[in-house]
Every structure is written in structure tokens, then in C-alpha cells.
Amino acid sequence: MNTIGHTLKFTIFGESHGRYVGAILDGLPAGLHIDVEQIQHEMDLRRPAPLIGTARHEEDTVEISGGIRDGVLTGTPLLFLIRNTDVRSAVYEEMRNIPRPGHADYTSFVKYRGHSDYRGGGQFSGRMTAPMVAAGAAARQYLSSKGMRVAARVVSIHDVEDRKNYSFQEIENRRFSNEIRCVDEETAVRMRDRILEARKNSDSVGGIIECRATGVAAGLGEPFFDTVEGELSKMIFAIPAVKGIEFGSGFSSTRMTGSENNDPFAIQDGKVVTHTNNAGGINGGITNGMDVVFRVAFKPTSSIPKVQKSVDLSSMKETEMQVKGRHDPCIVPRAVIAVEAACCLVFADLLLRSGYS
């Protein structure tokens, strides 16, 4: 199932060490002006930073074929192509039959009867977020035409947290001011130190990203099963290493009473609003007009240089292995733009399903 979406359909293809990774985006309205340079800018935000990211260097130049002429969408599908140029596949050959702990090597081996592309994780690599970012950047421009904006930030790296509350404007303006993608500069320094400490110890760390969407129209969502939370969750879990998602007050709501967790309604400038936003902008799977807020948990990068226990699938014997190749000691900073892209794709589809054009 490489296609997702109802009115706006997003199809992803390629593998980490294949010739290309790419996407097809079908359903954005004809006549929409698209800034191609902005799409490339968002792709550049996905690049790894020195030391805290992988040494693999991809230019990630986006080639857009079809669907656009003179910066205006024609109504036919957009095809995004991104070349893989800096690949070193030989290091994966000796691990071909030895699944890396924490990866999808074993499950994909079983699922595809030994035929899956094992090089760099194949279709299960974080490399697959590149076409998601490209398509999401186009979807973001459609959302912008409807007055909607999306911004995410790093909330925590391992045990280092940014506990401050920020306005949407603060997050939007400052989220890319440093390579960690944390709004608070002092906390960003401590997060970077934690990543470098893990790297020094041949290990990795995970973290949490918070994403917000503002200017969201009330009434989006298609209950019973295509709720806003459900649609976002399905897309978000397509991002490698995601292990959890929560909306609004999330799991902390279990420690509240109903009177604390409920969001009282009010009228502001002739518009229905809520005094608080514990619901994260969603009631009954439908947007209520407040900011949609959710947080995403990312596990530590599975590829680490430490010697680990595994099995040899060719001999069916236990063995030890050491992952080679180039990997991020923490993928969380690079995932911020991917989470935003996923959110943009979902809301563009929900808007179009609700009759917006």
C-alpha cells in the first residue's frame, strides 16, 4: 500500500540505495501557484547537520515532471524525482542475511520472501521521507492559500526537554534557527551535547516532536473511521522510527479530572473558541477551529556501531554483528520537516474532501 489519501492522493516509491526516490501527488486544484524554490528550500531543511547527522551527503535536488507549467498547476499529477547519488551499498552485502536489531530487515525478509532490498534499509529507510517532504511542501502552499499554517519543533532529545510554552508565531519564526530545531537556544545546546555524547559512545538517542496547525477550519474530519486523529496517525506512522503519537493533553489527561480537561467554550470576535485546548483542536474526530496540536515519539536510531546479537538467516544460527555504513546518532532534528510535511498532506486532503478547492 504505497498510496494514501482520498481526494489528494500521495504515492511514494523507490528505495534508499536505488536510482531514485520519489512521489506522485494527484489532486491539488488546477490554477494553484506553486513556488518551486520553496519546495527545494524545505528539502534543504531535511539535510543532516555535521556530527549530529549522517555523513551521507545527498544534494536532494527535486525534479518535478508534469503537473506544473510556468509555476501554475495544470490539474494533472505532480511527479517528484530525487536522485540517490551518495550510496555505498557494498557495506550491506556482508549483512545481507543478518538482520539488524531494531530494523525492519527481518520482518521485510519474511514479508517479501527474501526479495526485499536490504541495502540501507530499502523502502524502510529514513531516506523515504525525502519525497514526503517534497510533496508536503506543495501541499503546504495549498494550505497557505486557505489561511492555514503548520509548524513543528523538537520538544525533547533523550532526557533533555524544552518545557516552555510558545505561541504558534514563536515556533514558526524560531524552529529552524538552530540545527536541533528546538525553539530555546540554551536547551538546543544541551540537546546537541546529548546527541554527541551518544555518538561518542557508539550509541543513539530518540526524542519528541510537537507539531501545530493554525488557521484550521472547524468541521474537518470524516467520522466514523476517517477522523482527524486517525488520518494524521496513519500518515505519521509512515515516517520511520515513529513509535507513538498523542493529541492535545494526550496521556497527561489521564491524570486530570473532567473539569480540568474539558475546554470551556467562549465567543471571541464573533467566533466560537475554547478557553483551553486540551483536546488539541479536535472533538469527535472533527476539528473545532482551535489549533491542532499533537506530539510524536521517535525511538533511538536503530543503526549503531556497537556489537549486537542477531541471527544468520542462511544458517539459522545465532551470531553477532556490527552495523556499518553512515547513520544519524539522532534522527529527531531532521524529522521535524518530515512531520510538518505529513501534517500538510493530511490537512490538504481533508480540506479537499470537505469541498474546498
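The values are calculated or read from the model by the stated rules, or taken from the named source; none is laboratory data. Nothing here was measured: the structure is a model prediction, and the numbers come from that model. Note that we place each Cβ from the backbone using ideal geometry, even for glycine, and neighbour counts take in every protein chain shown. Just the protein is used for accessible areas: all its heavy atoms, side chains included, with ligands, DNA and RNA removed. Shrake-Rupley method; radii C 1.70, N 1.55, O 1.52, S 1.80 Å.
Among the residues of the range 11-26, are any within 24 Å of G71 (Cβ to Cβ), open to solvent by less than 70 Å² (accessible area, probe 1.4 Å), in a loop (DSSP other than H, G, I, E, B) and not β-branched (V, I, T)? No, the range 11-26 has no match at all. Each residue in the range 175-233 was checked for being at positive phi and surrounded by fewer than 23 Cβ atoms within 10 Å (Cβ to Cβ), and 4 of them qualify. Residues in the range 131-174 that are in a loop (DSSP other than H, G, I, E, B) and either open to solvent by less than 50 Å² (accessible area, probe 1.4 Å) or not charged (D, E, K, R) (or both): G147, M148, H158, D162, N165, Y166, S167. Here the range 115-130 is the region considered, the condition is being part of a loop (DSSP other than H, G, I, E, B) and touching a residue at least 40 places away in the same chain (Cβ under 8 Å), and the residue that is farthest from D312 (Cα to Cα) is S125.
The residue list R295, R334, R326 contains one member that is part of a helix (DSSP H, G or I) and either closer than 19 Å to D105 by Cβ or basic (K, R) (or both), which is R334.
Taking the range 34-60 as the range and being more than 19 Å from the chain's Cα centre (by Cα) and within 17 Å of A135 (Cβ to Cβ) as the test, the residues that pass are I34, D35, V36, E37. Only one of the listed residues (S253, S233, S302, S310) is hydroxyl-bearing (S, T, Y), part of a helix (DSSP H, G or I) and farther than 25 Å from T7 by Cα. That residue is S253. Just one residue in the set V110, V91 is over 22 Å from the mean Cα position of the chain (by Cα), modelled with pLDDT under 90 and not in a loop (DSSP other than H, G, I, E, B); that residue is V91. Residues of the range 27-71 that are exposed (fewer than 13 other Cβ atoms within 10 Å of the Cβ), assigned to a strand (DSSP E or B), without any contact (Cβ under 8 Å) to a residue 60 or more places away in the chain and not basic (K, R): E63, S65. The set of residues in the range 261-316 that are open to solvent by less than 30 Å² (accessible area, probe 1.4 Å), of a type in the set (S, T, Y) and in contact (Cβ under 8 Å) with a residue 24 or more places away in the chain comprises T287, T301, S302, S303, S310.
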